[in-house]
Structures are given as structure tokens and as C-alpha cells.
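To start, the structure under review is shown below, and the notes come after it.
The values are calculated or read from the model by the stated rules, or taken from the named source; none is laboratory data. Values in this document were obtained by computation on a predicted structure and should not be read as measured data. Counting neighbours? That spans all protein chains shown, and the Cβs are built from the backbone with ideal geometry, glycine included.
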């Protein structure tokens, strides 16, 4: 039996081992989900959350709720998800959905709300150079302009500019006006390079950079990240982040674990969390709307 096929068929045991080690799954809201489509479709960006894998049973896979910047990301029952299991250099992807919100005992003193997911009907192993694509699923991940931050004291004005431009853009959309093409104010930064947003955690993000950026990355610890999430979030927004850890994978791409920082304006944390939550809410609304329309057309 070929090695790839063998590893794919043993995914269930790998998931059990991941749970025993208190590991995590990565999840994303499926865009324009349709069981008859090849991929998530639509071309919109997916956001991937890394969440704790809590337990496994015949009833389903239990995971923690995703969160960002102190805010829980509320995912609805029936929502279709793409899930990923990562062990070393190996990654498996599968489709699932939220079966229920349940109460889960972490220990004798702590009970949390968790998500129960449907067991997948099919699991596929990703190829090493296409970690977010298999034959039936293809995720599209946001690009992030990543600037070495030269003077953290200059961040405040850039944060205020992000908030002001976002408010102006939303007002223009409400009035049906065309958005003005205004460049964002930047703090004192070095030349930008492009990275890919590969996961979001409670207080930071994981970025993937090209191999030729390795030398530059290791010379800096503070960064200014500029992220675009159209069409829901109409203009790019920026955030200060500290490089927490670096890992070079087998393809020589550089994984950057980034921790958000709000030293200049603590209130900016809520603003940023609100934008991300808004984006996920719109993803859910769009998926459920399309799913409802599909059922109505078939009935």
C-alpha cells in the first residue's frame, strides 16, 4: 500500500492521538458551501481558527469555540465548516458541520460551551506544497502586507487613521456612495513584504512568508500588519504585532507566530475584534442564505 494512502486511511487514529495530547484542530467557515461543488467556491477569503480538540465520541468531535482578542466567535448550529488536522508536516482536510452547542467539563471546577462537529464522511491528505487544497476543498487565504516596525511610538496615529477610515467607509456604503481611494497612514516602518494569514488565535495570528524573507524576518521583532477583508470590511486595517516565534518548514517557507500588541491605544483591541467578528458573521449569513435558497429550489 502506498505511504500516502496508508496515512490517509489511518486518520482516525491520528485524530485520537491528537486529542490525547490536548492538541488542536484548525477550522474555517466554508464559503458558498455546496455538497455538489468542487471546493468552497466564490473566491472569497477564508479565515482559519486554531481551536482546542476537547473530546471524541460516537456523537461527534467536540472542540472549543474560536475566539479573537477576548471575543468569542459565535458559530451557529448547522454551519458548514472545513476542518484541518495537522501533525508534524502532515495535514488532513475534511468537511464537517456544527451539530450542537454543548456544555463540556474541562475539569471539576470549569465548564465551558463547546461545539460538537459531525464526523466526516471523507478525509483527504494535503500535498506538502499545497497545504490548503485537496481534490474537493480549496481554501483562499488572506494576504497581509507585513512591515518591519521601526518606531512603535508612531503606531497611535496609524491606529486612529484605521478607525476613522473604517467609519467613513461604512457611512459611504450606507449612503450608496463610491468609496474614496485614500491611502492609509502608516507608522514609521521599513519596506513591506507579503505574507499569508494561515490562522487566527485568541491574541494573534500565524503568517506564512516566502523563503527569501527569512533573513529579514530574523532582524526584527516588531511589525505593522495591514490586512484586507473585502467586501465585508471595506478598507484595509492595520495592527501592531510582536514576532513571538519563527519556524521554517520543509519547503523553506517561514511561519511567523505573531502576538498583537495594543500599547498605544488599548481601545483599538475591541475595534479590531469587532471587525473580525463582523467578517465571520457575514460569512455565516451568506452561507446559510445560499443553503436555504438551494433547499427552496429543490423542494
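Do we have residue 105 as more than 18 Å from residue 136 (Cα to Cα) and in contact (Cβ under 8 Å) with a residue 24 or more places away in the chain here?
Answer is no for this residue.
If residue 98 meets every condition in (1) surrounded by fewer than 13 Cβ atoms within 10 Å (Cβ to Cβ); (2) touching a residue at least 12 places away in the same chain (Cβ under 8 Å) apart from one, which number is that one?
Result: residue 98 passes all but (1).
Which of the numbered conditions does residue 90 fail, given that it passes all the others? Conditions: (1) surrounded by 20 or more Cβ atoms within 10 Å (Cβ to Cβ); (2) closer than 30 Å to residue 219 by Cα.
(1) is the only condition that residue 90 fails.
Restricting attention to segment 62-82, and to residues there that are out of contact with any strand residue (DSSP E or B) (no Cβ under 9 Å at 6 or more places or on another chain) and assigned to a loop (DSSP other than H, G, I, E, B), which single residue is modelled with the lowest pLDDT?
70
Suppose we filter segment 254-280 for residues that are modelled with pLDDT of 90 or more and buried (at least 16 other Cβ atoms within 10 Å of the Cβ); how many remain?
Qualifying residue count, segment 254-280: 18.
Give segment 166-179 a look and list any residue that's in contact with a helix residue (DSSP H, G or I) (Cβ under 9 Å, 6 or more places away or on another chain) and under 16 Å from residue 237 (Cβ atoms), or say none.
Hits for segment 166-179 are 166, 179.
Restricting to segment 229-247, name every residue that is within 16 Å of the chain's Cα centre (by Cα) and over 14 Å from residue 272 (Cβ atoms).
Within segment 229-247, 230, 232 qualify.
If the Cβ limit is 7 Å and pairs must be 6+ apart or interchain, which residue in segment 159-182 that is closer than 15 Å to residue 227 by Cβ pairs with which residue that is outside any loop (DSSP other than H, G, I, E, B)?
Cβ pairs passing all conditions: 159/268; 162/237; 162/238; 163/271; 166/237.
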